[in-house]
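In what follows, a structure is listed as structure tokens, so that the remarks can point back to it.
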2 protein chains.
Amino acid sequence: MLISKRRIDEFDKLYRTNFINSLSGFKSANLIGTISKEGKTNLAIFSSVIHVGANPPMMGFLMRPVSVERHTYSNIKETGYFTINHIIKEIFKQAHQTSARYEKDVSEFDACGLTPEYTQTIKAPYVKESKIKIGCRFVEENQIKTNDTIFIVGEILEVIAPDDALMNDGYVDIEKAGTIVINGLDSYHDTKRIARLSYAKPGVEPKEI
Amino acid sequence: MLISKRRIDEFDKLYRTNFINSLSGFKSANLIGTISKEGKTNLAIFSSVIHVGANPPMMGFLMRPVSVERHTYSNIKETGYFTINHIIKEIFKQAHQTSARYEKDVSEFDACGLTPEYTQTIKAPYVKESKIKIGCRFVEENQIKTNDTIFIVGEILEVIAPDDALMNDGYVDIEKAGTIVINGLDSYHDTKRIARLSYAKPGVEPKEI
């Protein structure tokens, strides 16, 4: 079926939110860890983390407008650091629960049953239960003018990953590490590899590698 | 293991590219269709499409710097339109092949064996073989200052989806529609639902819905 903009505009709010949130394709499943200058930890689920660049190594994610209170945003601006922690199946309910609207004095680590963990480099908590974790330094923010969302960019300062997930060519097998994926606002999925394909060149059929 | 920024900086270029591209979590698998003002179609695989907002309905994706020739970018700027087409297992090799560096006068539709398809609203080709397709009007671009990548934002003008993928609450079951997912630069994966979870509220355990 073809659904026009006019029909989308007529959807009720929650229906439209479910609908549009499903359309980007599958979404990355991450917990972003931060800490306030008073030392209060915060943890929030984000499905918008994307690769920004490899040299310098950078990650980005989109945040909703800061007109409402956004602890992740204010902590990043205060300390300059955040962590990205892949969600695995074993903690998907705890991860989802971090999206509840807790007060600023409540740490989602405590409220949702996850464990903060620190390194010397990053002034923000990692999630101990995650297998793949990335420590970032805030670099820049870009405001999307149409709806006031903010695209946050961070430089990768360190990566924590299981030894057996790192392949000979630098590829990190995140499926092997148990990373899961999101559809829409609330659906969590395991993955199963179809294949890796060789670098594409004009006139040459890609091979499974 | 913990891998520091210093060690990442010492990786060779391809190794680092594979490594960093794997770290965001799983990535959405989409083909973006455009057309030049002369009517030449273009199709390119993108793993950076994300949800930007539901009201107005918007999508975004990150492009590499335009210092090298980027047909997708120039076509969007010329016509103001692009399509987002979910990649399904049946076309993952053709989709991957669109990343080869074809000349501007070669259409990836022809070169890779995919079929352009049009509607009355969108001045850009859809991929006939895709099941879920989104027609967008270009709205704004935001340059990431650190590495000159560009975050392109479009307003959704129409959506094409199989009837049986649209659920009662607006959720689109993209797994049912066969949408696949990407890890790194070249690994393609099927998905399998773990569960959908109820809206999270403080003090209430999320339920499977």
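FYI, it's all coordinate maths here, none of it is from the lab. Just so we're clear, the structure is a prediction, and the values are computed from it rather than from any experiment. Backbone-built Cβ (ideal geometry, glycine too); neighbour counts: all protein chains shown.
The loop-placed trypsin sites (Lys or Arg not before Pro) in segment B:130-209, going by DSSP, that have at most 16 neighbouring Cβ atoms within 10 Å of their Cβ come out as B:LYS145, B:LYS176, B:LYS207. Taking GluC sites (Glu not before Pro) in DSSP loop conformation with at most 10 other Cβ atoms inside 10 Å as exposed sites, chain A has its longest uninterrupted site-free stretch at A:104-209. Charge tally around B:LEU31: other residues with Cβ under 10 Å, Lys/Arg +1 each, Asp/Glu -1 each, net -1. With label points set 7 Å from Cα along Cα→Cβ, the inter-copy distances at B:ASP163 are 5.6 nm, sorted shortest first.
Counting every C-alpha pair in chain B, the share spaced more than 27 angstrom apart comes to 36%.
Here is the result for segment A:9-75: no chymotrypsin sites (Phe, Trp or Tyr not before Pro) lie in DSSP coil with at most 10 other C-beta atoms within 10 angstrom of their C-beta. When +1 charges are put on Lys and Arg Cβ atoms and -1 charges on Asp and Glu Cβ atoms, the dipole computed for the protein assembly as shown relative to its Cα centre reaches about 200 debye. Pairs of Lys residues in segment B:75-165 that lie 8 or more places apart, or on two chains, and have C-alpha atoms under 16 angstrom apart add up to 7. Taking the protein assembly as shown on its own, what percent of its Cα-Cα pair distances exceed 31 Å? The proportion of pairs with Cα distances above 31 Å equals 34 percent. For chain B, the relative contact order comes to 23 percent (Cα pairs under 8 Å, sequence separation of at least 6).
Between this copy and the others, label points of B:ILE194 are 2.3 nm apart in ascending order, each placed 7 angstrom from Cα in the Cβ direction. Annotation for segment B:37-52 versus segment A:1-59: alpha-carbon center distance of 20 Å. Counting Lys and Arg as +1 and Asp and Glu as -1 over every other residue whose Cβ lies under 9 Å from the Cβ of B:ALA44, the net charge comes to 0.
At q = 0.22 Å⁻¹, what is the base-10 log of I(q)/I(0) for segment A:3-44 according to the Debye formula with one equal point scatterer per Cα and no solvent? Please give it to two decimals. So the normalised log intensities work out to -0.76. Oblate is the label for segment A:81-157. Its Cα gyration tensor axes, ordered a ≥ b ≥ c, give a/c of at least 1.5 and b/c at or above a/b. With a 10 Å cut-off around each Cβ of B:41-53, the average count of Cβ atoms from other chains is 5. The rotation axis bringing chain B onto chain A passes closest to the chain B residue reported with its distance as B:ASN142, 2, by C-beta distance in whole Å. Short-range pairs are left out: with C-alpha atoms under 8 Å and at least six residues apart, the relative contact order of segment A:74-195 is 25 percent. With the simple spin-label model, which puts each label point 7 Å out from Cα in the Cβ direction, the A:LEU14 to A:VAL66 separation comes to 3.1 nm. Sorted from nearest, the other copies put their A:GLN143 label points 1.9 nm away, the label point being 7 Å from Cα in the direction of Cβ. Between A:ILE194 and A:GLU38, take the C-beta separation as r, use R0 = 35 Å, and let me know the FRET efficiency to the nearest 0.05. It comes out at approximately 0.15.
For segment B:29-96, which trypsin sites (Lys or Arg not before Pro) pass both filters: DSSP loop (anything but H, G, I, E, B) and at most 15 other C-beta atoms within 10 Å? Qualifying residues, ordered by number: B:LYS37, B:LYS40. Could you state the number of Å between the C-alpha centres of segment A:86-106 and segment B:143-209? Cα centres, segment B:143-209 to segment A:86-106: 18 Å.
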